[in-house]
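Here's the structure, in structure tokens; my notes come after.
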Amino acid sequence: MKAAVATEFKSPLEIKEVETPQVTSGKVLVQIHACGVCHTDVHACHGDWPVKAKLPLIPGHEGVGQIIEIAGDVHHLVVGDRVGIPWLHSACGHCDYCLDGNENLCPEQQNSGYSVDGAYAQYCLADANYVVKIPDNLSFVEAAPLFCAGVTTYKALKVSGAKPGQWVSIVGVGGLGHLAIQYAKAMGFNVIAVDTGNEKLSLAKDLGASMVVDYTKEQPEAAIKDRIGGVHASVVTAVSKSAFAAAYRSLRRGGTCVLVGLPPETLPLPIFDTVLNGTKVIGSIVGTRKDLKECLQFAADGKVKSIIETAELKDINHVYARMLRGEINGRVVLAMK
């Protein structure tokens, strides 16, 4: 099969013929029709994080397609099912985290396109218990970004504790942020979007933001507190220490700052203010299979739609270069021929 393969960190991916994976117990083989391109894929291929991706590696954790082969011990799926292969490739199923419904925190989890090969390929082997079916009225291209960007932002809003009618700030109107705005509106929140540039701020308004703040023209925390007294929750998708700090300071008392983006810096917290104001700071990592089913249903109901441009597998290095230059609005999806 044809695949894009990382053989060395920070080197261009190679488009090459590799062996099609063989189905073993508990597995399914998925013919990939589309795969979203996430910034995490770049981090994996560059070896940016403390826990390194395996090498050689086929990246891709937003892969969607149809099952073409099933192991004999798999009975809840059939050949032809339309499924997606998310970041959470598998978990142990028996630790405290899995039993508590927090499988995304399982210390033994495997991750698609990171610790196991992913979906920048014509075929991908997946754990039958962790693939998620795609609603019939979503195309493969539409569904792909929801398997990471969608579920990540939806989960962050869930753990924020915000209630319908309350104010939520979405910091960063990019691949994740533009979906976060839509999920926030669909969940009944009032939305403030923080970013810069007419294009992104106009997009935020079009997607349902009631207010926008250009961080290059005014301090987000001052603007937000002046207008509404602070937000009940902030979801930070931007990869910037200053964005996290401003989001924290924009909270009203009792508010929650949800950390999603992964900048390399640390975030110093003022202990006195955090205690006095009852502030909560929460890290949110992707989501569970249940979260994923819920977030897909929002899209199937027409309440959320990713902004997508398509590319071919052979163009992946060009896509990575554009991503690193900040030239992509929404999400690029590799459409497999």
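Residues that are more than 27 Å from the chain's Cα centre (by Cα) and buried (at least 18 other Cβ atoms within 10 Å of the Cβ) within the stretch 58-73 comprise just one, 70.
Determine whether the stretch 259-279 contains at least one residue that is touching a residue at least 60 places away in the same chain (Cβ under 8 Å) and assigned to a strand (DSSP E or B). No, the stretch 259-279 contains no residue that is touching a residue at least 60 places away in the same chain (Cβ under 8 Å) and assigned to a strand (DSSP E or B).
For residues in the stretch 312-325 being in contact (Cβ under 8 Å) with a residue 60 or more places away in the chain and under 19 Å from the mean Cα position of the chain (by Cα), which is surrounded by the most Cβ atoms within 10 Å (Cβ to Cβ)?
Keep residues of the stretch 312-325 that are in contact (Cβ under 8 Å) with a residue 60 or more places away in the chain, which gives 313-314, 316-317, 319-320, 323-324.
If we keep only those that are under 19 Å from the mean Cα position of the chain (by Cα) as well, we get 316, 319-320, 323-324.
Details: 316: 24, 319: 22, 320: 20, 323: 18, 324: 12.
The extreme case among them is 316.
The requirement of being within 17 Å of the chain's Cα centre (by Cα) and either of a type in the set (A, V, I, L, M, F, W, C) or not in a helix (DSSP H, G or I) (or both) is satisfied by residue 144. Among the residues of the stretch 303-328, count how many are closer than 22 Å to residue 142 by Cβ and in a helix (DSSP H, G or I). So the answer is 6. Residue 193 falls short of the stated requirement of being farther than 27 Å from residue 327 by Cβ, outside any helix (DSSP H, G or I) and at pLDDT 95 or above.
Return the only residue of 224, 192, 228 being within 22 Å of residue 163 (Cα to Cα), outside the structural domain of residue 299 (by TED's automatic domain parsing), among the aliphatic types (A, V, I, L, M) and surrounded by fewer than 19 Cβ atoms within 10 Å (Cβ to Cβ).
Within the list 224, 192, 228, the selection yields 228.
Only one of the numbered conditions (1) farther than 22 Å from residue 237 by Cβ; (2) touching a Cys at 6+ places or on another chain (Cβ under 8 Å) is violated by residue 52, and that is (2).
Within the stretch 1-107, considering only strands (runs of 3 or more DSSP E) that don't extend past its boundaries, which have at least 1 residues that are closer than 24 Å to residue 327 by Cβ? Even if it seems obvious, please write down each step before you answer.
Details: elements: 2-5, 14-17, 27-37, 63-70, 82-85, 88-90.
Of the strands (runs of 3 or more DSSP E) lying wholly inside the stretch 1-107, those with at least 1 residues that are closer than 24 Å to residue 327 by Cβ span 2-5, 14-17, 27-37, 63-70.
Restricting attention to the stretch 231-246 and to residues that are in a strand (DSSP E or B) and of a type in the set (A, V, I, L, M, F, W, C), the residue that is farthest from residue 167 (Cα to Cα) turns out to be 236. Looking at the stretch 232-249, is at least one residue under 16 Å from residue 155 (Cα atoms), under 14 Å from the mean Cα position of the chain (by Cα) and either loosely packed, with under 15 Cβ neighbours inside 10 Å or of a type outside the set (A, V, I, L, M, F, W, C) (or both)? Yes, because at least one residue in the stretch 232-249 is under 16 Å from residue 155 (Cα atoms), under 14 Å from the mean Cα position of the chain (by Cα) and either loosely packed, with under 15 Cβ neighbours inside 10 Å or of a type outside the set (A, V, I, L, M, F, W, C) (or both).
The values are calculated or read from the model by the stated rules, or taken from the named source; none is laboratory data. Since this is a predicted model, take the numbers as computed values, not measurements. Heads up, the Cβs are rebuilt from the backbone with ideal geometry, glycines too, and the neighbour counts pull from every protein chain shown.
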